[in-house]
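The values are calculated or read from the model by the stated rules, or taken from the named source; none is laboratory data. Quick caveat: nothing in here was measured; it's all calculated off a predicted structure. All Cβ positions, even for glycine, are placed from backbone atoms using ideal geometry, and neighbour counts span all protein chains on display.
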Amino acid sequence: MSKNPARGFWPMRDLPVAFWLVVLVVATLVHRQIPAPRWLMIHLLLLGALSHAILVWSQYFAIALLRTPPREHDRATQNWRLVMLNAGTSVVIIGVLSGLWPITALGAALIAGAVIWHGANLFTRMRRALPSRFGATVKYYIAAACFLPVGAVLGTILAHGSGSPTHEQLTLSHALINVLGWVGLTVAGTLVTLWPTMLRTKIADAAARNSQRALPVLISSALTAGIGAGFGLIPVAALGLLGYITGLGLMASSFIQVARNKPPKTFSTLSVLGAVSWWIGALVALLVSMLGTGDWQVLSRLFSSITPFLVAGFAAQVLLGALSYLVPVALGGGPAPVRAATTMLDRGAVLRVSTANAALLVCALPVPSLVRVLCSALYLVAMASFLPLLFMALRSHKTAKAKVAAEAKNQVTSTGLPPPRVRMAPEGERPAGQRAGQAMAGLIAVVLAIAMGVALDPAASGLGAPAPAAGAATAGPVAATQRKTVKVKAADMRFSPSLIEVQPGTHLVIEVTNTDAAETHDLVLATGANSGRLAPGQSATIDAGVITGHVAAWCSIVGHKQMGMVLDIKATGAPAAPRAEGNEPESGHGSMQMPAAATPDLLAAPEKAFTAHDARLPRLPAKAKDSKPAVHKATFTATEAVLEVSPGVRQKLWTFNGTAPGPLLHGRVGDKFEITLRNDGSMGHSIDFHAGALAPDEPMRTIQPGESLLYKFTASKAGIWMYHCSTMPMSAHIANGMFGTVVIEPDDLPVVDESYVLAQSEFYLGAQDAEVDTAKLAAEKPDLVVFNGYANQYVHRPLEAKVGERVRIWLLDIGPNRASSFHVIGGQFDTTWLEGNYLLDGRGKGQGGSQALAMGVAQGGFVELVFPEPGHYPFVSHVMVDAERGAQGVFKVVK
């Protein structure tokens, strides 16, 4: 009899899942330092670990259910499919993180090819097999394999960056096709037989019939939901989701029946039970969200908030639960080795499951951010414990197998008879008290995490009455005469209501909800109580304490208070609290003084290691006759970085790709630009390219941390164009570093010997290592006015030129507030070009000349000159107060 090739350790089958899970844990720990962390973590689990497991175990079950004996070459062909799948997953991840769409498309094609091959193999195997009671399960697998290629195509389109009004629709369609079709059908079909097998009990009599009835309902409903979402038809998508839940309901009675006959006790069964609970709960929550809104942007945000629980609660738990049972069985080797591996994987089963699910449930509630972080860490520890236990289980299996073999050899040698069979104790039969103790320990761990989060940040937790605001009318402890709860909405840079009036002595509780479409907000009271950062759709409760006087409140996101996002709490009849307008801190700690602003020394020199921003404009490659317009692709990542802006002065800037100004783009009229914007910051950001003409609704929309969009435009006009973050308050985002330049050359632009780009901007300094001071910004009182992001940098690192050579200087006034008048001391311009037109086109032929090029904010052009002799030629903004604030440099001219 030939050896079963599916038994024993199989590296290509058993190792990749562990690899993807290890990478997932690492990515989770360092997610703030990697691009697109949310996308990456979801796809490491679903596309990496779970899809690999589906390919492996659906074939394993198909062979068993159809009773078709495995063939020797099955392992080789399966290896090739798994290589294709894992290689495709790796390539997709590289393509998405690098922003190289062709690489992403190649990876998606490999994944789709592997799954289509897998489905075709199952279909052929089913046609050869005799009728089987549970053959319908294989039909689930074949149907699931038909869904993934569709999801891969949608994912590839999204990776290309649609940047269109259908982006949210395609995202939801992509998710529904994969989660309901590829993952959902596989899980539903597998649990028909795996669930009772894991429980070691009889399969329900109606299980086969129910699964056959449910299959067409689930397939048609998944298609309806995916198509409805893709075409923007929320009612159709909701109908499909309702049908899918109904299909699962047709199978539920069999699932429940076997669980009642043999309650779950092991890690594998408890984990799968938790997974199914989160699965149904997440689908119901999504259905309620669909029925409750007709706005795709709102639905997109709601789905985004549900996704982590669908992934962490359902996908992760069903994967680990199934593997905990299947890996020992597949390794084989006899009862003792299988039991040894199973026992190891079952260690702390109830503790791990209770901790993970309780922590995840807390994260789903409107708790303070610190509590959510601590509970997330608990969940990660509980789930990641599977990895060391898996490797310990493999070792235990190997040891037990060797021991059994040695004992068998000794028994045969001594008696001439095979060893007697030893009855193994039923799995999971540990005392009920021990299981209850583990469950209690898990819950206590979560409660302690909550308590720690509350203790470390009591104001954000809404516990305890904070100290009265300065100036409140109180002479000592005041007992609350009544309690009042007020609901406040944050949207459009306003709080509604913006005034809360209560009787003195009222214990006030504020329930604040961010109803804005895109912006993040918070609510900070002068007492120190605050809501924490609230993404769109999120809510928080603030205990404002006993109100005895006037209390000021505001949004502490930089610039939002200056735009009018303030809230007054007034005790009727109480004297007004003294209030220094604009001095409330942006950090949310009202009782603390603001640190002193950084003070620049404009006579200081930077350190020797300092490298100035490269101002050279590289030449464009020669344009061939009748050549097609060039396509420029780039990825701009919005990040936060502490950068030096003057010797010894550092500011926490919001940047594109870690620099201010951001990357320089350079092309010709007619060129196309495809820019992927990724937000890896801590607040919403956007981008606006003046070099393109298109409706701003979608490409210029604000995206939240972890999100991305594709901005496409065609450079139809020549000029030096500004790009910048257009998220409100726009002045703060520009002043704090989110800007850059695009140089589009006209076709007839003459070649010069040297070209430079200088972008003038302003800094309104906050404290050292802090962000922009919005009070200075509103008062138009800059501390620094600079070229290319650093004060006087070209004084200390001069730009170079040669006598007699023609130098072109492209100029752009970024602002956000100050105009500019560019002048080279000792030089005269024979050519000036402003906003697409020549003001002077002498190039040495005429007698006219120009001494300065004046520009308003967001205007630009270029000047040309020839230096007559060697020397140092300073250049400045001839708005002299700005030159003295750092808007100056030097041309070093040599022979």
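Only residues that are among the hydroxyl-bearing types (Ser, Thr, Tyr) and modelled with pLDDT of 85 or more: list them for the stretch 575-634, please.
Hit for the stretch 575-634 is THR611, nothing else.
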Answer yes or no: is there a residue in the stretch 825-837 that is among the aliphatic types (A, V, I, L, M), assigned to a strand (DSSP E or B) and under 20 Å from GLN760 (Cβ atoms).
yes
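Right, ALA282: without any contact (Cβ under 8 Å) to a residue 60 or more places away in the chain and touching a Phe, Trp or Tyr at 6+ places or on another chain (Cβ under 6 Å) or not?
For ALA282, the condition - without any contact (Cβ under 8 Å) to a residue 60 or more places away in the chain and touching a Phe, Trp or Tyr at 6+ places or on another chain (Cβ under 6 Å) - is met.
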Unique match (being assigned to a strand (DSSP E or B), assigned by TED's automatic domain parsing to the domain that holds LYS717 and within 24 Å of TYR723 (Cα to Cα)) among ALA858, ALA854:
ALA854
VAL669: farther than 18 Å from PHE739 by Cα and crowded, with 21+ Cβ neighbours inside 10 Å, yes or no?
no
Flagged in the stretch 393-424 as of a type in the set (D, E, K, R) and at pLDDT 55 or above, in numbering order, are ARG395, LYS398, LYS401, LYS403, GLU407, LYS409
Got at least one residue in the stretch 713-728 being within 28 Å of the chain's Cα centre (by Cα), in contact (Cβ under 8 Å) with a residue 60 or more places away in the chain, buried (at least 24 other Cβ atoms within 10 Å of the Cβ) and not in a strand (DSSP E or B)?
yes
The stretch 539-564: number of residues that are aliphatic (A, V, I, L, M) and in a loop (DSSP other than H, G, I, E, B):
3
Tabulated pairs, the stretch 84-113, first free of Cβ contacts under 8 Å to residues at least 24 places away in the same chain and polar (S, T, N, Q), second in a helix (DSSP H, G or I) and surrounded by 21 or more Cβ atoms within 10 Å (Cβ to Cβ), C-beta under 8 angstrom, 6+ apart or interchain:
SER90/GLY107
Being aliphatic (A, V, I, L, M), in contact with a Gly (Cβ under 7 Å, 6 or more places away or on another chain) and at pLDDT 90 or above is true for just one of ILE675, ILE703, ILE687, ILE734. Which residue is that?
ILE734
Residues of the stretch 13-46 that turn out to be over 23 Å from ALA638 (Cα atoms) and basic (Lys, Arg), as a count:
1
Inside the stretch 648-682, can you point out the residues that are over 19 Å from ALA615 (Cβ atoms) and touching a Pro at 6+ places or on another chain (Cβ under 7 Å)?
VAL649, VAL669, GLY670, ASP671, LYS672, ARG678, ASN679, ASP680, GLY681, SER682
Does the stretch 228-235 contain any residue that is at pLDDT below 95, surrounded by 23 or more Cβ atoms within 10 Å (Cβ to Cβ) and over 29 Å from LEU170 (Cβ atoms)?
no
Selected residue (criterion: farthest from SER761 (Cα to Cα)) from residues of the stretch 640-660 that are touching a residue at least 40 places away in the same chain (Cβ under 8 Å) and not in a strand (DSSP E or B):
GLY648
Scan of the stretch 729-784 for residues that are aliphatic (A, V, I, L, M) and either part of a strand (DSSP E or B) or free of Cβ contacts under 8 Å to residues at least 60 places away in the same chain (or both), ordered by number:
VAL742, VAL743, ILE744, LEU749, VAL757, LEU758, ALA759, ALA767, ALA779, LEU784
Among (1) over 19 Å from LEU765 (Cα atoms); (2) in contact with a helix residue (DSSP H, G or I) (Cβ under 6 Å, 6 or more places away or on another chain), the one test that MET683 misses
(2)
Identify all residues within the stretch 601-639 that are in contact (Cβ under 8 Å) with a residue 60 or more places away in the chain and in a strand (DSSP E or B); write none if there are none.
ARG616, LYS633, ALA634, THR635, THR637, ALA638
Here are some conditions: (1) at pLDDT 85 or above; (2) under 30 Å from LEU199 (Cβ atoms). GLY428 meets all but one. Which one does it not meet?
(1)
Does SER271 satisfy being farther than 27 Å from ALA152 by Cβ, surrounded by 23 or more Cβ atoms within 10 Å (Cβ to Cβ) and not acidic (Asp, Glu)?
yes
Residues that are of a type outside the set (Gly, Ala, Ser) and closer than 16 Å to PHE391 by Cβ, drawn from the stretch 334-351
PRO337, THR342, THR343, MET344, LEU345, ASP346, ARG347
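Would you mind finding the one in GLY662, GLY692, GLY667 that is modelled with pLDDT of 90 or more and under 17 Å from ALA732 (Cβ atoms)? Break it down stepwise before answering.
Details: GLY692 fails: under 17 Å from ALA732 (Cβ atoms); GLY667 fails: under 17 Å from ALA732 (Cβ atoms).
Sole residue among the options that is modelled with pLDDT of 90 or more and under 17 Å from ALA732 (Cβ atoms): GLY662.
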May I ask you to list the residues in the stretch 35-78 that are part of a loop (DSSP other than H, G, I, E, B) and within 26 Å of the chain's Cα centre (by Cα)?
PRO35, ALA36
Does the stretch 530-538 contain at least one residue that is in a strand (DSSP E or B), among the hydroxyl-bearing types (Ser, Thr, Tyr) and either surrounded by 19 or more Cβ atoms within 10 Å (Cβ to Cβ) or in contact with an Asp or Glu (Cβ under 7 Å, 6 or more places away or on another chain) (or both)?
no
With respect to THR741, is the statement that it is at pLDDT 95 or above, crowded, with 23+ Cβ neighbours inside 10 Å, of a type in the set (Val, Ile, Thr) and farther than 24 Å from GLY871 by Cα true?
yes
I need the full set of residues from the stretch 744-757 which are touching a Leu at 6+ places or on another chain (Cβ under 7 Å) and surrounded by fewer than 24 Cβ atoms within 10 Å (Cβ to Cβ), in order please.
GLU745, SER755, TYR756
So ASP697 fits all but one of (1) more than 18 Å from GLY662 (Cα to Cα); (2) not in a loop (DSSP other than H, G, I, E, B); what number is the exception?
(2)
In the stretch 96-133, residues that are within 19 Å of the chain's Cα centre (by Cα), modelled with pLDDT under 90 and crowded, with 18+ Cβ neighbours inside 10 Å total 3
